[in-house]
Amino acid sequence: MSGSKSLRRLSAFRQPALCPGLAALGLALVSGLGCQTVGRTVAMPEGQPPLAELVAPPAYLTPRSQRYRIAVRPFVDQTGQAADVAEVGAEVLMTALHARDRFSLFDAGEFDVRALAEIRTSPAAVSAPGTDVEPAPHSLLRPGATDVYQQFQGMVDGVLEGYVTAIRRDKKGNGHFEVDYRVVDPYSRMVVTSGNARIGLAGGTVVRRDFQQLALAVSRSFIDPVVMAQYELKVREISLEGNEVTLTLDGGSEKKVERGAVGFVVESDRVARVDRYLAKFVVVTVFPEAAVGVVVEHCNAVGRCPAGSGVVPVEQALNVHPGAEVRFK
């Protein structure tokens, strides 16, 4: 990465004598960090106050126990004639997704309604539904940035958006309507997965069986974490550019890594069979034998991440070293 400063030897900061190197990398500028070392131990120069350790979620939580979290937002009627089916579409789809037992689901109605409406005019939304939206270089949000998806950060891993693009029905309410859908990563605004479906109408009522098929299609586009766990993936390199921390992984598409996937750098406890979270990242680029992920804010608990409670990317980098293990949701 052009202009980046390599952190591949970050693990060397376990030694007190090397702590000043953090300042050279700009890491010591983070409030409260001071001369932080990698791992669980903290080595402090004389006369400096002690540092609080990075707080990880409870030990019993593993990446497998945290499902990919999706906020299902209300469907958008692009025909001007399908307001009734668009209104119930998201609710029926959320029920069908819940039955798949793959995701943690959130009703987008819990979020700010005005901000949800603005998503319709965001760069990702104005593109044709179902098409891939390429992020601009370094598009992950910096502190203080404003974005319509920002309200979802720290709460969900993806936002499911549905668009009714066509509808055909007779006077008795029989027919069908077409739906384009996509799941958008709230940090990079990348489209993680997308597709379309035809939903039947019988007497004016949506055919739930078709929503079940739609939910199945969405579920199959996400690799099962159990399958991912069969591949041994590790961090090859850590880089810093400004406030952005980038991880290069030693495996890519040949090991089932997908763009937009949410992953964790972990420290495994082989005895207790649990993983301690070290960093959370989103995969932004995938090659056959490598992948690149950008570290994102990491909550200290499952569920919502109240403002100011997350561990920022640069702090997470202090606990990551080349060779660290990786898990995916």
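Laboratory data are not the source of any read-out in this text; all were calculated from the coordinates shown. No experiment lies behind these values; they were computed from the predicted model shown. Note: ideal-geometry Cβ built from the backbone for every residue, glycine included; neighbour counts use all protein chains shown.
Counting 0.36 nm for each residue step from residue 325 to residue 243 and taking away their Cα separation leaves a gain of 27.2 nm.
Annotation: the residues 318, 233, sorted from fewest to most other C-beta atoms within 10 Å of their own C-beta, follow the order 233, 318. The label-point distance for residue 198 and residue 213, in a model that sets each label 7 Å from Cα toward Cβ, rounds to 0.8 nm. Taking the convex hull of the alpha carbon positions in segment 245-288 and averaging its projected area over all directions gives 3.5 nm². Annotation: amide H-H contacts under 5 Å for residue 291 (H modelled 1.01 Å from N, sequence separation of 5 or more, or interchain): 249, 251. Label separation (residue 65 vs residue 166): 4.8 nm, computed from points 7 Å beyond Cα along the C-beta direction. Our coupling estimate for segment 71-76, obtained by passing each phi through the Karplus curve with A = 6.51, B = -1.76, C = 1.60 and θ = phi - 60°, is 9, 9, 8, x, 5, 9 Hz, Gly and Pro reported as x. In a fully extended conformation the segment linking residue 174 and residue 150 would gain 4.7 nm over its present Cα-Cα distance, using 0.36 nm per residue.
The string of couplings for segment 191-201 from the Karplus curve (6.51, -1.76, 1.60, θ = phi - 60°) is 7, 6, 8, 8, x, 9, 8, 10, 10, x, 10 Hz, one whole number per residue in order, with x for Gly and Pro.
Among 223, 199, the order by Cβ neighbours within 10 angstrom, fewest to most, reads 223, 199.
Approximating the spin labels as points 7 Å out from Cα along Cα→Cβ, the residue 234-to-residue 87 distance works out to 5.7 nm. Near residue 233, within a Cβ-to-Cβ distance under 12 Å, what is the net charge of the other residues, with Lys and Arg +1 and Asp and Glu -1? Summing Lys/Arg as +1 and Asp/Glu as -1 gives 0.
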